[in-house]
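*Asks:* Below you'll find the structure I mean.
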Amino acid sequence: MDIRAAEISAILKEQIKNFGQEAEVAEIGQVLSVGDGIARVYGLDKVQAGEMVEFADGTRGMALNLEVDNVGIVIFGDDRHIKEGDIVKRTGAIVEVPVGKGLLGRVVDALGNPIDGRGPIKSQEKRRVDVKAPGIIPRQSVHEPMQTGLKAIDALIPIGRGQRELIIGDRQTGKTAIILDTILNQKSVNAQGDDKTSLYCIYVAIGQKMSNVARVVDTLNAHGAMAYTTVVVAGSADSNAMQYLAPFAGASIGEFFRDNGMHALVIYD
């Protein structure tokens, strides 16, 4: 047998190059069924509730329903390319969104990814989207008013900081107009630059047409209100999972300001 020294040398070099290379270990499962933005997956026995998982085509999802023999995964994106038998991999990361003042003036999706074409988000901190709300004991009583700038509301049914308020009405009756006026009327308060009195706004658009969201953003920009506002969008064309996640993302962004001694107004529209 004719064995060339060059061939032996090449084989040895390849073996040495790969020596000590760590193997990637990941827990994987298989898709049992998929439909309506939900995938049933078998084999992810140790997955955590709220954990991010990755499908074979790169689409991501969140483990939401943990059952004995399968896991219900909500899919963040288009499920048409996911089929029965596809591999699903754990990431080990709980679903988080970026938070902080770096999001002010930006338009993001329900996962905190920028969709305004202005580059990456300048934020060093992330928070889980699904956290337990504080109990009754740690909460302060509502003792400080939040001025909406609308005399009828501030005089007759004033809103306090820390309070929830429902705006209900038929279509095209001006609900969004009240919201926009409230955000715009915070400009004078935020212009003072004092974090203890400023009111940062998070506008969460759920299931709306992108054209409507664009008009809202244009209005806020025209009046200089985007300087203290973050817009979170899960439009009508987005998956049900993204629309489900958007309110949690908006709350997490607002809770950053709350936990750092500042005030935030979170609006769901």
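*Asks:* Checking the structure you have, find out if any residue of the range 56-67 is farther than 30 Å from T230 by Cα and in contact (Cβ under 8 Å) with a residue 40 or more places away in the chain.
*Replies:* Within the range 56-67, none of the residues are farther than 30 Å from T230 by Cα and in contact (Cβ under 8 Å) with a residue 40 or more places away in the chain.
*Asks:* A further question follows. Of the residues D130, D154, which is acidic (D, E), within 30 Å of N221 (Cβ to Cβ) and surrounded by 11 or more Cβ atoms within 10 Å (Cβ to Cβ)?
*Replies:* The conditions single out D154.
*Asks:* Does any residue of the range 247-260 turn out to be assigned to a strand (DSSP E or B), in contact with a strand residue (DSSP E or B) (Cβ under 9 Å, 6 or more places away or on another chain) and modelled with pLDDT under 95? Step through it out loud before you land on a result.
*Replies:* Of all residues in the range 247-260, those assigned to a strand (DSSP E or B) come to none.
No, that holds for no residue.
*Asks:* Sticking with this one: Considering only residues of the range 182-209 that are over 20 Å from V99 (Cα atoms) and under 21 Å from the mean Cα position of the chain (by Cα), which is surrounded by the most Cβ atoms within 10 Å (Cβ to Cβ)?
*Replies:* Q208
*Asks:* I'd like to check something: does the range 223-236 contain any residue that is surrounded by fewer than 17 Cβ atoms within 10 Å (Cβ to Cβ), under 20 Å from L104 (Cβ atoms) and at pLDDT below 90?
*Replies:* The first filter runs over the range 223-236 and keeps only residues surrounded by fewer than 17 Cβ atoms within 10 Å (Cβ to Cβ), leaving 223-224, 227, 236.
Subset that is under 20 Å from L104 (Cβ atoms): 223-224, 227.
Filter once more, keeping what is at pLDDT below 90: none.
The answer is no, given that none of the residues of the range 223-236 is surrounded by fewer than 17 Cβ atoms within 10 Å (Cβ to Cβ), under 20 Å from L104 (Cβ atoms) and at pLDDT below 90.
*Asks:* Moving to a separate point now. Exactly one of (1) touching a strand residue (DSSP E or B) at 6+ places or on another chain (Cβ under 9 Å); (2) without any contact (Cβ under 8 Å) to a residue 60 or more places away in the chain; (3) of a type outside the set (F, W, Y) is unmet by K196. Its number?
*Replies:* It fails just one condition, (2).
*Asks:* When the residues of the range 117-127 are filtered to those that are out of contact with any Asp or Glu (no Cβ under 8 Å at 6 or more places or on another chain) and surrounded by 15 or more Cβ atoms within 10 Å (Cβ to Cβ), which remaining residue is modelled with the highest pLDDT?
*Replies:* Checked the range 117-127; the qualifying residue modelled with the highest pLDDT is I121.
*Asks:* Please determine, by comparing only the residues of the range 140-196 that are part of a helix (DSSP H, G or I) and hydroxyl-bearing (S, T, Y), which one is modelled with the highest pLDDT.
*Replies:* Once the filter is applied, the top-ranked residue is T182.
*Asks:* What's the total number of residues in the range 61-90 that are assigned to a strand (DSSP E or B) and either aliphatic (A, V, I, L, M) or modelled with pLDDT of 90 or more (or both)?
*Replies:* Our first condition is that a residue be assigned to a strand (DSSP E or B); within the range 61-90, this holds for 61-66, 71-76, 87-90.
In the following step, the residues that additionally are either aliphatic (A, V, I, L, M) or modelled with pLDDT of 90 or more (or both) were identified as 61-64, 66, 71-75, 87-90.
Number satisfying all stated conditions: 14.
The values are calculated or read from the model by the stated rules, or taken from the named source; none is laboratory data. This structure is a prediction, so every number in the text was calculated from the model and none was measured. Glycine also receives a Cβ, built like all others from the backbone with ideal geometry; neighbour counts cover every protein chain displayed.
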